[in-house]
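A.B. asks: Have a look at this one.
The values are calculated or read from the model by the stated rules, or taken from the named source; none is laboratory data. As the structure is a computational prediction, the values presented were derived from the model and not from experiment. Note that each Cβ is placed from the backbone with ideal geometry, even for glycine, and that neighbours are counted across all protein chains shown. Only protein heavy atoms, including side chains, enter the accessible area calculation; ligands, DNA and RNA are left aside. Shrake-Rupley method; radii C 1.70, N 1.55, O 1.52, S 1.80 Å.
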Amino acid sequence: MPYVIDADKCLGCGSCADACPVGAISEKDGKYVIDPDACIECGACAGTCPVEAPELK
């Protein structure tokens, strides 16, 4: 199961996108989203998010 970003928690800082080794995270309307087909479930995004917005679903 890929990670998803909780839009209510996301601050739009981009730390998750910078940490993603496969470029699966992009900005959309001031928040970040994860492409579920590209996510390799490594957890790098979750480890860098200051508000724990990325979560496994």
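A.B. asks: Using a probe of 1.4 angstrom, how much of the accessible area of the chain is carbon and sulfur, in percent?
C.D. replies: C and S atoms contribute 50 percent here.
A.B. asks: Explain nothing, just the number: relative contact order of the chain, from Cα pairs under 8 Å at least 6 residues apart, as a whole percent.
C.D. replies: Relative contact order for the chain comes out at 49 percent.
A.B. asks: Taking the solvent-accessible surface of protein heavy atoms with a 1.4 Å probe, what is the per residue accessible area of the chain in Å²? Can you show the working numbers first?
C.D. replies: Numbers: 3480 Å² over 57 residues.
Result: 61 Å² per residue.
A.B. asks: By residue number, which cysteines of the chain lack any other Cys whose Cβ falls under 4.7 Å from their Cβ?
C.D. replies: Cys10, Cys13, Cys20, Cys39, Cys42, Cys49
A.B. asks: In deg cm²/dmol, rounded to 500, what helix-only [θ] at 222 nm does the chain give when every DSSP H run of at least 4 residues adds -39500 (n - 2.57) and the total is split over its residues?
C.D. replies: -3500 deg cm²/dmol
A.B. asks: Right, here's the next one. So for the pair Ile40, Met1, with labels modelled 7 Å out along Cα→Cβ, what separation do we get in nm?
C.D. replies: Each label point is offset 7 Å from its Cα along the Cβ direction, giving 2.2 nm.
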